[in-house]
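Asks: Just passing along the structure, written as structure tokens.
The values are calculated or read from the model by the stated rules, or taken from the named source; none is laboratory data. What you see is a predicted model, and the numbers here were worked out from it, not measured in a lab. Don't worry about glycine lacking a Cβ; one is built from the backbone with ideal geometry, like all the others, and counts go over all protein chains shown. The accessibility values were calculated without ligands, DNA or RNA, using every heavy atom of the protein model including side chains. Shrake-Rupley method; radii C 1.70, N 1.55, O 1.52, S 1.80 Å.
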Amino acid sequence: MPVVMARDLEETASSSEDEEVVSQEDHPCIMWTGGCRRIPILVFHAEAILTKDNNVRIIGERYHLSYKIVRTDSRLVRSILTAHGFHEVHPSSTDYNLMWTGSHLKPFLLRTLSEAQKVNHFPRSYELTRKDRLYKNIIRMQHTHGFKAFHILPQTFLLPAEYAEFCNSYSKDRGPWIVKPVASSRGRGVYLINNPNQISLEENTLVSRYISNPLLIDDFKFDVRLYVLVTSYDPLVIYLYEEGLARFATVRYDQGAKNIRNQFMHLTNYSVNKKSGDYVRYWRQLSPEPEWSVSDPGVTEVESQHVALEENLVFMSRGTMKSCQSFNSFEAFVCCCFSSACPVTVSPFSTKLRLPKFCLLHCLSLLDLGVGI
């Protein structure tokens, strides 16, 4: 947010002389933080895309806030910003407040940004988001802080580099195993195997021991995700979004080898299961507990509950992002905090934790509104 905007907002918040200016103290898009120096935070409301509320647009329009989208087609981001009065500028423009990019900026480019400009990536954040880099960093943390402290992955190998080690392990325990591309998403390229000969070595992949006795809900595999916004790595500052996402497979789980290729049984990705013949738009409520708000087996919202952000993330983020201290960056992450891979039956839905709705993470509520992403 521009410095002059922050100053103007603070002045107008304590003054009622200009009747044309909406009261900033109770404006739905402004949240104040800080002690002796009050700092305004711009809050985004997902429903504004549908309501076209002029009161929501007034802040962006009054302060001529702008954004640019580079190397990506983020229709959802464009819609939410436009609904809040931001105007889009050309990707090559240097006059903007927010850059939403599909790639990572080089450190020297970050150093050219002013205090009023923000970008949606930290440099080298792929150390946490690429599967191969995350695997390597977890191994490094095991060596540094002890295997027990970071025993958070099943046995895993990076192929083709560790193919011989994988074959040796396979000879002792034939699996099944799950194969994933190192830099993909939405279930693309993921499959199960029960023989090393079934793996293509033409691209880099991660192969992990498949947990064949997963935790199930009504015999379906599932996972529960939380969304976090990281605004600083040193010190580590994390905002937890107040709602989570539960995703379900659409075919009941069966350990039989004949089902090893059935993605609708083994994967919970919405992009995969929406193509299933068993996919239904609405589903019965799975539990009488009020925490469960199940309306869709692929995209299901639940209340986020008490979650401990373990020191694992703190150690890893400091280790891999030690040089990233840019005040111009922020990054949204998806954390799979609980899934069918859990080997024991536990109940994560015990204590409610309510947190304020911050910044762009309000976009996640669009899943409720049926807005296309």
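Asks: Per residue, how big is the convex hull around the C-alpha atoms of the range 143-295? Give it to me in cubic angstrom, could you? Write out the running numbers ahead of the final one.
Replies: Values: hull volume 26.9 nm³, N = 153.
That works out to 176 Å³ per residue.
Asks: Which far-off residues, 5 or more places away or on another chain, put their amide H under 5 Å from the one on S329, with H placed in the peptide plane?
Replies: Answer set, sorted by chain and number: V119.
Asks: I would also like to ask the following. Considering every Cα-Cα pair within the range 30-121, what fraction, in whole percent, is farther apart than 14 Å? Present the calculation step by step, with values, prior to reporting the outcome.
Replies: On the way: 2859 of 4186 pairs.
Percent of Cα pairs beyond 14 Å in the range 30-121: 68.
Asks: Which Rg and Dmax, in Å, describe the Cα atoms of the range 212-256?
Replies: Spelled out, the Cα radius of gyration and Dmax of the range 212-256 are 16.0, 48 Å.
Asks: Read phi for every residue in the range 207-213 and hand back ³J(HN,Hα) as whole Hz from Karplus 6.51 cos²θ - 1.76 cosθ + 1.60, θ = phi - 60°, with x for Gly and Pro.
Replies: Taking θ as phi minus 60°, the curve returns 10, 10, 5, 7, 7, 7, 10 Hz for the range 207-213.
Asks: When the Karplus curve 6.51 cos²θ - 1.76 cosθ + 1.60 is applied with θ = phi - 60°, which whole-Hz ³J(HN,Hα) does each residue of the range 69-78 get, with x for Gly and Pro?
Replies: Running phi through 6.51 cos²θ - 1.76 cosθ + 1.60 with θ = phi - 60° gives 10, 10, 6, 6, 10, 9, 4, 5, 5, 4 Hz.
Asks: Shifting gears a bit: Starting from the Cα gyration tensor of the range 61-194, multiply each eigenvalue by 5, take the square root, and state the resulting semi-axes largest first in whole Å.
Replies: Equivalent-ellipsoid dimensions as semi-axes: 42, 18, 12 Å.
Asks: Could you sort the peptides 209-215, 268-274 by per-residue average Cβ neighbour count (10 Å cutoff), highest mean leading? Before the final figure, lay out the partial values.
Replies: Details: 209-215: 15.1, 268-274: 18.9.
The packing order, highest mean first, is 268-274, 209-215.
Asks: Carbon and sulfur together cover what percent of the accessible area of the range 184-229 at a 1.4 Å probe radius? It would help to have the intermediate numbers written out before the result.
Replies: Details: 870 of 2110 Å².
Ligands and nucleic acids excluded, carbon and sulfur reach 41 percent.
Asks: For the range 30-121, what is the accessible area per residue in Å², given a 1.4 Å probe and the full set of protein chains?
Replies: Working: 4970 Å² over 92 residues.
With all protein chains present, the range 30-121 gives 54 Å² per residue.
Asks: Just order 144-151, 258-265 by mean Cβ neighbour count inside 10 Å, highest at the front, would you? Numbers along the way, then the final one.
Replies: On the way: 144-151: 12.4, 258-265: 15.9.
Most protected by this proxy first, the peptides run 258-265, 144-151.
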